[in-house]
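Here, each number is a calculation from the coordinates, and none is a lab measurement. All values derive from a computational prediction rather than experimental measurement. All Cβ positions, even for glycine, are placed from backbone atoms using ideal geometry, and neighbour counts span all protein chains on display.
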Amino acid sequence: MTTTPATIAVTGAAGFIGSHLAGALLARGHRVVGIDNFDPFYDRSLKEENVRGLASGGGFTLAEGDICDSAWLSRLLARERPEGVVHLAAKAGVRPSVEDPVGYARANVLGTASVLEAARAAGVSRLVVASSSSVYGNNPKTPFAEDDAVDAPISPYAATKRACELQCFTHHHLTGTPTCCLRFFTVYGPRQRPDLAIGSFMRRLAAGETLSVYGDGSTSRDYTYIDDIVAGVISAYERIPRFGYRVWNLGSDHPVRLDELIAAIGGVVGVEPRITHTPPLAGDVERTWADLTRARAELDYAPRTPLEEGLRRQWAWIAGEG
Ligand SMILES: NC(=O)c1ccc[n+]([C@@H]2O[C@H](COP(=O)([O-])OP(=O)(O)OC[C@H]3O[C@@H](n4cnc5c(N)ncnc54)[C@H](O)[C@@H]3O)[C@@H](O)[C@H]2O)c1
């Protein structure tokens, strides 16, 4: 357990999960070095707003740059000497990765190699790395457990996340640095990436638009509220020295069908959804569902935000009340 305040580097700190995590670490008295290149995948102003909230108190340093620039990153970590690195920076999103496999491989695979090497050179003593439920592909066996086969990813994004896990295993094997990979299951809440379904559906319903939905509505996802994810990341950061190398699912163990999700969003926004169906997208998995047995036992991970409550908080944020 990290009881004394430490310096922790967070890559992707201007993003959705990274900014929430950085805020929680600052609230616990840690110093945070946030690393982000403000990738143009979505509007820079949204990321600046995320970072503004962090910079208002003490203890936060923003380092703007590309994790693939290994010389720059190594100098930064050598200077800041963080106790640990939480590596969240990535090109996220399944569908755009089908159009840009090279960009995803660069940011996610080369970028992770650069982070691991800079961390080794700076003597970092623990690493927490973002993976994804997408590594499970279309495995028909549910719920998805960490020891299930993950050798059939169906999108370039998923393949890069699986590659990150293998890189982390090798890094731990060679350096002995305690290293974990966290398989996040569809994260939502205030500041959610604008490309993701929940926020985008809320905005379109509020604007009176018809929702265009891929597939027949029967796909399902294990939607996980951001505060539960942040609690899991912090617990993993604190406990990974006991484990060496470890993979943990961080989900909610409560899969929801897309048509049920849309009905729930309609209830929260107060609009009856109108829907048109379009063919399913290549690269999208049919279902996700986290087996949390390992995370509950080893991290005391306990997701506590019901979907309706999480949706209400995200809608309050979008409507400017949150
Ligand atoms: N949001 C989810 O549902 C979800 C699910 C599974 C896994 N993940 C993973 O969690 C992590 C965070 O996701 P998010 O939803 O917060 O995404 P996000 O896009 O909001 O945050 C990622 C941040 O990384 C930064 N970044 C991208 N490439 C970079 C580079 N080369 N150098 C420096 N910074 C760079 C971006 O500017 C962005 O601010 C990612 O690794 C993602 O793959 C997210």
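On a straight-distance basis, which lysines could pair with residue 91 in a cross-link, Cα separation under 27 angstrom, same-chain partners fewer than 8 positions away excluded? Within reach: 47, 161.
Put simply, the amide H of residue 131, placed in the peptide plane, has neighbours under 5 Å in 182, 183, 184, leaving out anything fewer than 5 places away on its chain.
Can you sort 44, 191, 294 by how many other beta carbons sit within 10 Å, fewest first? Working shown, then result.
Working: 44 11, 191 22, 294 17.
Sorted ascending by nearby Cβ count, the order is 44, 294, 191.
What percent antiparallel are the DSSP beta bridges of region 8-165, to the nearest 5? All intermediate terms of the calculation are to be shown ahead of the outcome.
Working: 0 of 17 bridges.
Here the antiparallel bridges make up roughly 0 percent for region 8-165.
Among 173, 277, 254, the residue with the largest mean-square fluctuation in a Gaussian network model of the chain, with springs joining Cα atoms closer than 10 Å, is 277. Taken along the Cα-to-beta-carbon direction at a fixed 7 Å, the label points for residue 151 and residue 257 span 3.5 nm.
Only alpha carbons enter this Debye calculation for the chain, each as an equal point scatterer, and the log10 of I(q)/I(0) it gives at q = 0.08, 0.15 Å⁻¹ is -0.34, -1.27. Distance between the 7 Å Cα→Cβ label points at residue 141 and residue 296: 1.9 nm. Computed from Cα atoms, the angle from the helix 258-269 axis to the main principal axis of the chain rounds to 90 degrees. Label positions at residue 79 and residue 243, each projected 7 Å from the Cα along the C-beta direction, are separated by 3.3 nm. Under a model in which nothing but the beta-carbon of Lys, Arg (+1) and Asp, Glu (-1) is charged, region 76-226 shows a dipole of about 400 debye around its Cα centre.
Ranked by how many other Cβ atoms sit within 10 Å of their own Cβ, fewest first, the residues 47, 161, 91 fall in the order 91, 47, 161.
The orientation-averaged projected area of the convex hull spanned by the Cα atoms of region 27-162 comes to 9.6 nm². A Gaussian network model of the chain, with springs between Cα atoms under 10 Å, assigns the largest mean-square fluctuation among 31, 126, 162 to 31. Calculated mean residue ellipticity, 222 nm, the chain: -12500 deg cm²/dmol, from DSSP H runs (n ≥ 4) at -39500 (n - 2.57) each, averaged per residue and rounded to 500. Here the relative contact order of the chain, from alpha carbon pairs under 8 Å that lie six or more residues apart, stands at 18 percent. Using a Gaussian network model of the chain with C-alpha springs under 10 Å, which one of 288, 224, 170 is most mobile by mean-square fluctuation? Its mean-square fluctuation being the largest, the pick is 170. Relative to the longest principal axis of the Cα atoms of the chain, helix 16-27 runs at roughly 50 degrees.
Among 301, 237, a tally of other beta-carbon atoms within 10 Å of each Cβ gives an order, fewest to most, of 301, 237.
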